[in-house]
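As structure tokens, the structure follows; a few thoughts come after it.
The values are calculated or read from the model by the stated rules, or taken from the named source; none is laboratory data. Fair warning: this is a prediction, and the values are worked out from it, not measured in the lab. We place every Cβ from the backbone using ideal geometry, glycine too, and count neighbours over all the protein chains shown. Just the protein is used for accessible areas: all its heavy atoms, side chains included, with ligands, DNA and RNA removed. Shrake-Rupley method; radii C 1.70, N 1.55, O 1.52, S 1.80 Å.
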Amino acid sequence: MSFFEKKISGATVYSGKILKLELDEVRLPDGTASQRECVRHRGGAAVFAVINGKVLLVKQFRYVYGKEIYEIPAGKLESGEDAKITAARELSEETGYEGELCHMLDIYPTPGYTDEIIHIYEAKNCVLKTSHLDEGEFLNCELIELGKVVKMIENGEICDAKTVCAVYAYISRQA
């Protein structure tokens with residue numbers, strides 16, 4: 001049996017700088033109709049880097065959670081931009097580091113309602129240059145021992161999906 005849902009109709013409810021919200025009517029596999037709220041997003045790129053045994057993280061305030069959280073450096077794709085270019089730009093802007101980027105994995109952070117894909121790269125042979133944050137961007141960079149980062153994930157101090165996925169993907173490749 002195919003579980004494919006066919007779009008019958010749709011309307012854009014909201015269109016902003018970061019995302020677009022669409023309300024679609026779909027035909028389900030059993031022939032009935034239903035609605036889907038779809039957040040359309042260009043996607044993003046993130047960078048996982050281990051420098052001298054320490055994971056490069058940024059800590060920044062995230063308004064929707066109402067607190068500062070730890071994350072790997074990341075940012076949204078510009079229209080038509082290659083994810084590797086985005087990753088290099090964000091690593092440099094947010095941390096001042098530059099390195100050789102190798103694709104690690106892609107993740108669907110919340111497939112129940114958005115088409116966002118985050119492309120995660122590993123940065124190797126990092127060299128510190130100068131950071132240059134975007135206007136209105138405020139964050140701190142920290143290098144934290146890999147073992148401590150794992151403990152921070154386990155105790156709920158790090159909950160960011162892209163960061164958790166990158167850490168465990170890295171660890172699984174080291175085994």
Fill in the blank from the handout: Within the range 82-113, restricting to residues that are of a type in the set (Val, Ile, Thr) and open to solvent by less than 20 Å² (accessible area, probe 1.4 Å), the one that is farthest from the chain's Cα centre (by Cα) is Thr95
Exercise for the section: State all residues of the range 14-60 that are open to solvent by less than 80 Å² (accessible area, probe 1.4 Å) and assigned to a loop (DSSP other than H, G, I, E, B); if no residue qualifies, say none. Expected result: Gly16, Leu28, Pro29, Gly31, Thr32, Gly43, Gly53
Handout entry: Flag for Asp160 being open to solvent by 50 Å² or more (accessible area, probe 1.4 Å) and under 16 Å from the mean Cα position of the chain (by Cα)
Key = no
Problem - Cross-chain or 6+ apart pairs with Cβ under 7 Å, the range 63-87 first and over 18 Å from Leu133 (Cβ atoms), then assigned to a helix (DSSP H, G or I) - result: Leu77/Ala83; Leu77/Thr86
Practice task
Could you check Ala11 against (1) open to solvent by 50 Å² or more (accessible area, probe 1.4 Å); (2) in contact with a helix residue (DSSP H, G or I) (Cβ under 6 Å, 6 or more places away or on another chain) and say which number it fails?
Solution key: (2)
Problem - Top-ranked residue of the range 146-175 - restricted to ones that are among the polar types (S, T, N, Q) and assigned to a helix (DSSP H, G or I), ranked as farthest from Ile120 (Cα to Cα) - result: Gln174
Problem - Unmet criterion (only one of (1) in contact (Cβ under 8 Å) with a residue 40 or more places away in the chain; (2) farther than 30 Å from Leu23 by Cα; (3) over 14 Å from the mean Cα position of the chain (by Cα)) for Val127 - result: (1)
Exercise for the section: Please go through the range 114-125 and pick out each residue that is of a type in the set (Gly, Ala, Ser) and open to solvent by 60 Å² or more (accessible area, probe 1.4 Å). Expected result: none
Handout entry: Any hit, the range 60-78, residues being in contact with a Leu (Cβ under 8 Å, 6 or more places away or on another chain), at pLDDT 95 or above and of a type in the set (Lys, Arg)
Key = no
Exercise for the section: Being open to solvent by less than 70 Å² (accessible area, probe 1.4 Å) and of a type in the set (Val, Ile, Thr) is the filter; apply it to the range 126-155 and report the residue that is nearest to Ile171 (Cα to Cα). Expected result: Val150
Completion exercise
Counting only residues that are assigned to a loop (DSSP other than H, G, I, E, B) and open to solvent by 10 Å² or more (accessible area, probe 1.4 Å), the range 61-81 contains a total of 9
Exercise for the section: List every residue pair whose Cβ atoms sit under 6 Å apart, with the two residues 6 or more apart in sequence or on different chains, where the first one lies in the range 143-172 and is more than 16 Å from Pro73 (Cα to Cα) and the second, anywhere, is part of a helix (DSSP H, G or I). Expected result: Ile153/Val164
